Amino acid sequence: MKILGINISHHASSCLLIDNEIKFLLEDERINRKKGYIPEDDLDDLENGSFKINFAEELLNYTSHLDYVIFSSFGRTNNFDNFIIERYKEGMKKSGITWNEVIFESDNHHIYHACSGFYGSEFDESVALILDGGGSIYQDGSNFREVETIFKLDYKSGVQSLWKHHTSAEQNTNIFVENLNDNIISNSLSCGPMFNIFAYELGFSNGDDSGKVMGMSSYHKESEIKKEYRWWRDIDWFTEMNNIWITSPELHYNLQNINPFPYERLSKNYNDFLIRCDIANKMQEETLNHTKRLIIKAVELSNCKNVVISGGYALNCLNNYQYLDIDREINLYVDPVCYDAGTSLGAAKWLYYKLTKSMEKNPLTSLYLS
């Protein structure tokens, strides 16, 4: 069985699976040299019909015909995902690639993260915690996207959803939580969106620079900072409401101030740098504590101590190591391709096990996938 997974989110990628063996996992940026590539980077080509796929040459080294092509996306609005998929199909046809069936499940973004992690591990069963900047939309017309999800996975039953948290992109102080049968709606920032916001506020470009925020936290020097008012140290960043932990009204209030931080965003002043490091350090602490709560919740909901972590926030390697302090009986596996590029792999694995009902494990033994 030949399955091609294609991620059309940011960090666009493709993964060829032949009889459950990964032949390649290729990020488009390796070909077109556009960091974090998303198809919208070639919007003119998409619209005028000259869009070219980046994986054709690699794919044709193995096959020109596929049994299945499965697409993964974060869930664009206005039917734009389907528009992009049609352009990919045109590009494949021009390259001499054929297939039997195309599959696109728009709500499966976090499922594919979970499958990328679980099927890459050696676990027979696990609970998966997915945290990222935003997955599928809660329902048509809403601005709520899943940011925290818990799944139970095993080879017999596949993927079972246990708990989902959808949040709004709006940063207002009217804090709310609605619990709809284990589907949570709130206006919390969660860990992924928080890093996206602070990457800019701390002087970087956008969410792609979240790793720099993580690195900046290591330069925190409490003894050298001028003892001025630091609201980020004096408030609770998270609060509990209706048994759900979300970001606090105080955090939202301060972030909405016209000048929330006592420095110029791009200042090269040493004290300003130390303040930014202090903020990054505090955010590492707060998101660490929040993720620990979610891991404990995942274990309690699933009654399983094999824990897989995936989604973009799992790139936070400084915090990943500290999850081992929660419980020595927890077996932790962090998906090595946890960001959106890994969803092409997750989609292909999800489809393979769904179709074949196979119980055979084929975990990752190498990260050299292309």
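Couple of notes before you dig in:
- Rounded accessible area of residue 1 (nearest 10 Å², 1.4 Å probe): 70
- On full extension, the segment bounded by residue 1 and residue 80 gains 25.5 nm, given 0.36 nm per residue less the C-alpha separation.
- Taking 0.36 nm per residue of sequence separation and removing the Cα-Cα distance, the residue 231/residue 50 pair yields an extension gain of 60.0 nm.
- A helix-only calculation puts the chain at -9500 deg cm²/dmol for mean residue ellipticity at 222 nm, using -39500 (n - 2.57) for each DSSP H run of at least four residues, averaged over all residues.
- Accessible surface of the stretch 223-317, 1.4 Å probe, proportion on carbon and sulfur as whole %: 49
- Per residue value of the accessible surface for the chain (all protein chains in place, 1.4 Å probe), Å²: 45
- The convex hull built on the alpha-carbon positions of the stretch 1-110 has an orientation-averaged projected area of 6.6 nm².
- Cα gyration tensor category, rounded, prolate or oblate, for the stretch 307-359 with a/c compared to 1.5: oblate
- Restricting the stretch 329-370 to chymotrypsin sites (Phe, Trp or Tyr not before Pro) that sit in a DSSP loop and have at most 15 other Cβ atoms within 10 Å of their own Cβ leaves 368.
- Mean shadow area of the chain over all directions, Cα convex hull, nm²: 19.1
- Electrostatic dipole magnitude of the chain [Cβ: Lys, Arg +1; Asp, Glu -1; Cα centre; debye, to 20]: 460
- Peptide packing for 209-218, 96-105, 130-139 was compared via the average number of neighbouring C-beta atoms within 10 Å per residue; ordered from the highest value, the list is 130-139, 209-218, 96-105.
- Full extension of the chain segment joining residue 296 with residue 361 gains 20.8 nm, where the gain is 0.36 nm per residue of separation less the Cα-Cα distance.
- Beta bridges by DSSP in the chain, antiparallel share as percent, to the nearest 5: 60
The values are calculated or read from the model by the stated rules, or taken from the named source; none is laboratory data. Being a predicted model, the structure only gives us computed values, none of them experimental. FYI the Cβ positions are ideal-geometry reconstructions off the backbone, even for glycines, and counts take in every protein chain you see. For accessibility, only protein heavy atoms count, side chains too; no ligands or nucleic acids. Shrake-Rupley method; radii C 1.70, N 1.55, O 1.52, S 1.80 Å.
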